[in-house]
Amino acid sequence: ITPCDMSNVPLKDGIVDVGTFVLALMGTNIADFIREAHRVLTPDGVLKIAEVRSRFESTVDEGAATNNENDKKGSKKQAKNNFKYSKKQSDDTLLNEFIDVMKELGFICTKKDRQNKMFLVLEFEKSGMSPSKQATFTAKACIYKRR
C-alpha cells in the first residue's frame, strides 16, 4: 500500500486489470478519481465500486399519509379505513446520474448489486472512449442511523 492522492497514483498507464473503490469516493472530485482509474486500467479493465447506498439513493413517498377530516361523517371504523399510508419507493435519480457521468468518463455499468440493505456494489468496464475532462459528480453525504 502506497499513500497517495487518488487522483494521481504512482502507477504506469494501462497496467491494472481490476480497480476497486470501497467507501473511497468521499471527496468532491470523484470524477478525477474515476479518470485516474481509467488511466491505470488495461483496455478491458474492470472497475468495482462499493459505497453506502444512501449516497446514491433516496426514498420518496408514493402517496401521502393523510386522514381527511371531511370523511368523519361515517363511523370511526369508516374514518379508519380512509387513512392512507405512504409507501416508500427508492428514487434512483442520483444513481442514474452517476452512471451517466461514468459513461462520460469512459465506463459502462455491467452490474448493479443491491442485495445488501446498506451498501451498493457497481461494476464497470472500460468503454473504449476517452474520459471527458468536463464531467463532474458529487455524491450525497453518508447517512448513518443508530440501530
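Among the residues making up segment 118-129, those that are under 16 Å from Glu36 (Cα atoms) and surrounded by 12 or more Cβ atoms within 10 Å (Cβ to Cβ) are Phe124, Glu125, Lys126, Ser127, Met129. I want to confirm something. Restricting to segment 19-46 and keeping residues that are closer than 17 Å to Ile99 by Cα and β-branched (Val, Ile, Thr), which single residue is farthest from the chain's Cα centre (by Cα)? Across segment 19-46, the extreme among qualifying residues is Val46. The condition of being among the acidic types (Asp, Glu) and either in a loop (DSSP other than H, G, I, E, B) or open to solvent by less than 60 Å² (accessible area, probe 1.4 Å) (or both) does not hold for Glu97. Looking only at segment 21-49, filter to residues that are modelled with pLDDT under 95 and part of a strand (DSSP E or B); which one of those is least open to solvent (accessible area, probe 1.4 Å)? Looking at the filtered set, the residue picked out is Phe21.
For Gln115, are the conditions met, namely being surrounded by fewer than 12 Cβ atoms within 10 Å (Cβ to Cβ) and closer than 14 Å to Phe33 by Cα? Steps first, answer last, please.
Details: surrounded by fewer than 12 Cβ atoms within 10 Å (Cβ to Cβ): yes; closer than 14 Å to Phe33 by Cα: no.
No, not satisfied.
The values are calculated or read from the model by the stated rules, or taken from the named source; none is laboratory data. All values derive from a computational prediction rather than experimental measurement. Counting neighbours? That spans all protein chains shown, and the Cβs are built from the backbone with ideal geometry, glycine included. These accessible areas exclude ligands, DNA and RNA; they are computed on the full protein's heavy atoms, side chains included. Shrake-Rupley method; radii C 1.70, N 1.55, O 1.52, S 1.80 Å.
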